[in-house]
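Visitor: What follows is a structure written as structure tokens; I'll ask about it next.
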Amino acid sequence: MTPPPSDPASAGQELGWTPIAEEAVRAASVLHPKEGALPRPNRRRVLTVANQKGGVGKTTSTVNLAAALAVHGLKTLVIDLDPQGNASTALDIDHRSGTPSIYEVLIGEVSLAEAAAQSEQSPNLYCVPATIDLAGAEIELVSMASREMRLKEALSSEILDEIGVDYVFIDCPPSLGLLTVNAMVAAQEVLIPIQCEYYALEGLGQLLSNIELVQAHLNRELSVSTILLTMYDGRTKLADQVTNEVRNHFGDTVLKTVIPRSVKVSEAPGYGQTVLAYDPGSRGAMSYVDAAKEIAQRGVEMKERSGTA
Ligand SMILES: Nc1ncnc2c1ncn2[C@@H]1O[C@H](COP(=O)(O)OP(=O)(O)OP(=O)(O)O)[C@@H](O)[C@H]1O
Ligand SMILES: [Mg+2]
């Protein structure tokens, strides 16, 4: 039998493989990476996935990047901080009202360890779900002590060291309220997904000025480390215009990988799966793996810059 080619796409064609065989090889390269595990960051990276604009791919990017890092050997935790509970759905984590969730963690009723569940998608992937109870949290938190610090305090839990968590992704709701502020205080990095469409940049100014406010008053360490272009449709000129505009404006912060608009990506959560599990050979899965590799590589570069490699 011919051994699997190292570059599945081109080698498959040379060997006269059928599209199905090529897809199978691509799927294998996603689920069983030959190059082994991705490099671990020198310290835990906590990324808040935020954009107050709705439907830009925050949740989709959170779960698929987290799954890609987990499949590539890195222990990854997703915090679902949106009362819609979409990240919990996509990772097939129970999030009926009353389930120990991020709501109980924020109000101090349960510990992070009690609320975290392991995802079936990978033994390296954990999720703290969100239930509808979180909808009231924005208001309930207002009168609580250290209301902006609650998630940060929860993340200092020893359980993260015990598990050896390398990456935490916090999926924010589409607003700039107290939940998103908690996420920005708890993180070192903000990852902003930007949808490749006309109004993409509208509202970004407001997001950036909120980030500056948090930097100035609550979390000096915070920076916008990563911008991910999502739902790119190569058939439209507009997608390229938006891509160029975002790259001109934000430079190297923007990942080289762009996530294409793909039906598979949008179908996966309906099956309680990430696109990596739903269709690992698809363009959507491959692009999320590529984006995750870039993120992990940046983690190494940060390590080198800080001189602790
Ligand atoms: N690359 C993609 N291709 C096709 N559909 C996508 C893609 N990314 C996201 N979608 C779909 O777009 C919709 C919005 O995505 P998603 O829920 O990730 O956005 P969001 O920013 O988390 O939304 P919200 O602001 O409501 O939390 C979903 O139906 C999702 O399945
Ligand atoms: Mg969402």
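Visitor: List the lysines whose Cα sits under 25 Å from the Cα of residue 256, skipping any in the same chain fewer than 8 residues away.
Guide: Counting by Cα, and skipping residues close in sequence, residue 256 has these lysines nearby: 34, 53, 58, 75, 237, 264, 293, 303.
Visitor: For the chain, evaluate the Debye formula with one uniform point scatterer on each Cα (no solvent term) and list log10 I(q)/I(0) at q = 0.14 Å⁻¹, rounded to two decimals.
Guide: These q points yield log10 I(q)/I(0) values of -1.06.
Visitor: Which helices count as membrane-span-like in the chain under these terms: full DSSP H, at least 30 Å along the axis by C-alpha, Kyte-Doolittle mean of -1.0 or more? Could the numbers behind the result be given before it?
Guide: Working: long enough: 283-305 (33 Å, -0.77).
Span-like helices, by this rule, are 283-305.
Visitor: Using Cα pairs under 8 angstrom and six or more residues apart, how large is the relative contact order of the chain, in percent? Don't jump to the answer; show the numbers that get you there.
Guide: Details: 598 pairs, mean separation 76.6, N = 309.
RCO, the chain: 25 percent.
Visitor: On to the next question. Give the average over all directions of the projected area of the C-alpha convex hull of region 160-236, one decimal, in nm². Mind dumping the intermediate values first?
Guide: Values: hull surface 25.8 nm².
One quarter of the hull surface, i.e. the mean projection, equals 6.5 nm².
Visitor: Ordered by packing density, taken as the mean number of other Cβ atoms within 10 Å over each peptide's residues, highest first, how do 168-174, 89-95, 74-80 rank? Could the numbers behind the result be given before it?
Guide: On the way: 168-174: 25.3, 89-95: 22.9, 74-80: 27.3.
Per-residue mean Cβ counts within 10 Å order the peptides as 74-80, 168-174, 89-95.
Visitor: With a point put 7 Å past each Cα toward its Cβ, work out how far residue 158 is from residue 132 in nm, to one decimal.
Guide: Once both label points are built, they end up 3.8 nm from each other.
Visitor: Further question on the same structure: Given N residues in region 171-309, what is its alpha carbon radius of gyration divided by 2.2 N^0.38 Å? Let's see the in-between values first.
Guide: Values: Rg = 16.2 Å, N = 139, 2.2 N^0.38 = 14.3 Å.
Computed over Cα atoms of region 171-309, the ratio equals 1.13.
Visitor: Kindly provide the pair-distance distribution of region 29-107 built from C-alpha pairs, with 5 Å bins from 0 and whole-percent values in order of increasing distance.
Guide: That works out to 3, 13, 21, 20, 20, 14, 7, 3, 0, in percent per bin.
Visitor: Add -39500 (n - 2.57) for each DSSP H run of 4 or more in the chain, then divide by its residues: what number comes out at 222 nm, to the nearest 500 deg cm²/dmol? Could you put the intermediate results ahead of the total?
Guide: On the way: 15 runs with 135 residues, N = 309.
That comes out to -12500 deg cm²/dmol.
Visitor: I'd like the FRET efficiency for residue 140 and residue 238, computed as 1/(1 + (r/R0)^6) with the beta carbon distance as r and R0 of 45 Å, rounded to 0.05.
Guide: On the way: r = 42 Å, r/R0 = 0.92.
About 0.60, to the nearest 0.05.
Visitor: If the only charges are +1 at each Lys and Arg Cβ and -1 at each Asp and Glu Cβ, what is the size of the charge dipole of region 38-305 around the Cα centre, to the nearest 20 debye? It would help to have the intermediate numbers written out before the result.
Guide: Values: 23 positive and 33 negative charges, 169 e Å.
That gives region 38-305 a dipole magnitude of about 800 debye.
Each reported figure results from applying straightforward, stated rules to the coordinates on display, with no laboratory input. Just so it is clear, the structure is predicted and the values come from calculations on it, not from any experiment. Glycine gets a Cβ as well: all are built from the backbone with ideal geometry, and neighbour counts include every protein chain shown.
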